[in-house]
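A.B. asks: What follows is a single structure, and I will ask about it in a moment.
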Amino acid sequence: NAYKEKVFGIYPSMNYGIKKAAGENIIFMNSGDEFYNKKSISLLYEGINSLNEISSFCFGQAEIKTKLGISWRIPGVNIKNINSWLKIIQPNHQSIIVSRFLAKNNYFKEDCYIVSDKLWKKDILNSSKAFKFINEPVSKFYIGGVSSSKPTLKQVKIQLKNKYISNLRK
């Protein structure tokens, strides 16, 4: 049975997915989040393939949704300069497709609780050779999951112990 290996935790599971991936590209969709519509995967796939670069990624907008019915897009619809935007803000990982080569050279930091995805995206942005932005929504991110909840005292202590605390914000 190929599924006898047990992996516990969000980031160890994501790293396990990277290690086992056999396709050309990887995208991580968390439980509860979803692609924006039926053409989202095609848009991302066509975007990354158009780059013709093994160390690349493609991303589109994420529609952020609250339980109150309020929603907005990141990046916004009126984005003028995506390179400047990326220096300040990172896209949601649910809206990023990454080449397997790039992912296998940038694993999630398992000693970080909750913020490892932010650090991973920063590593992806810094080590890629090419990227493409699709100025339309490709994913829906629902606020209320693990990353948007208030951290416990135990989680804060874990973050304070690791060496990445200064990288929590860009």
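A.B. asks: For region 67-78, state whether one or more residues are polar (S, T, N, Q), open to solvent by 50 Å² or more (accessible area, probe 1.4 Å) and out of contact with any Lys or Arg (no Cβ under 6 Å at 6 or more places or on another chain).
C.D. replies: yes
A.B. asks: Using the structure shown, decide if residue 84 is surrounded by fewer than 21 Cβ atoms within 10 Å (Cβ to Cβ), farther than 20 Å from residue 45 by Cβ and in contact with a Leu (Cβ under 8 Å, 6 or more places away or on another chain).
C.D. replies: no
A.B. asks: Identify all residues within region 94-118 that are of a type in the set (Asp, Glu) and either part of a loop (DSSP other than H, G, I, E, B) or at pLDDT 95 or above (or both); write none if there are none.
C.D. replies: 110, 111
A.B. asks: Step by step: first the residues of region 56-93, then only those that are in a loop (DSSP other than H, G, I, E, B) and β-branched (Val, Ile, Thr), then the one that is nearest to residue 106 (Cα to Cα). Which residue is that? Reasoning before the result, please.
C.D. replies: Keep residues of region 56-93 that are in a loop (DSSP other than H, G, I, E, B), which gives 66-70, 75-81, 89-92.
Of the ones still in play, those that are also β-branched (Val, Ile, Thr) are 66, 70, 77, 79, 89.
On the way: 66: 30, 70: 34, 77: 29, 79: 28, 89: 19 Å.
For region 56-93, the residue satisfying everything is 89.
A.B. asks: If I ask for residues that are among the hydrophobic types (A, V, I, L, M, F, W, C), open to solvent by 40 Å² or more (accessible area, probe 1.4 Å) and assigned to a loop (DSSP other than H, G, I, E, B), which ones from region 18-49 would you list?
C.D. replies: 22, 27, 29
A.B. asks: In addition: Every residue in region 57-72 that is in contact with a helix residue (DSSP H, G or I) (Cβ under 6 Å, 6 or more places away or on another chain) and either of a type outside the set (A, V, I, L, M, F, W, C) or over 12 Å from residue 95 (Cα atoms) (or both), please.
C.D. replies: The one that is in contact with a helix residue (DSSP H, G or I) (Cβ under 6 Å, 6 or more places away or on another chain) and either of a type outside the set (A, V, I, L, M, F, W, C) or over 12 Å from residue 95 (Cα atoms) (or both): 60.
A.B. asks: So if I check each of 132, 122, which one is open to solvent by 50 Å² or more (accessible area, probe 1.4 Å), under 12 Å from the mean Cα position of the chain (by Cα) and at pLDDT 85 or above?
C.D. replies: Among 132, 122, only 122 is open to solvent by 50 Å² or more (accessible area, probe 1.4 Å), under 12 Å from the mean Cα position of the chain (by Cα) and at pLDDT 85 or above.
A.B. asks: I would also like to ask the following. Among 37, 1, 49, which is out of contact with any helix residue (DSSP H, G or I) (no Cβ under 6 Å at 6 or more places or on another chain), among the polar types (S, T, N, Q) and at pLDDT below 95?
C.D. replies: Numbers: 37 fails: at pLDDT below 95; 49 fails: at pLDDT below 95.
Residue meeting the stated conditions: 1.
The values are calculated or read from the model by the stated rules, or taken from the named source; none is laboratory data. Values in this document were obtained by computation on a predicted structure and should not be read as measured data. Neighbour counts are summed over all protein chains in view; Cβ atoms, including those assigned to glycine, are modelled from backbone coordinates with ideal geometry. Note: areas computed on protein heavy atoms with side chains; ligands, DNA, RNA excluded. Shrake-Rupley method; radii C 1.70, N 1.55, O 1.52, S 1.80 Å.
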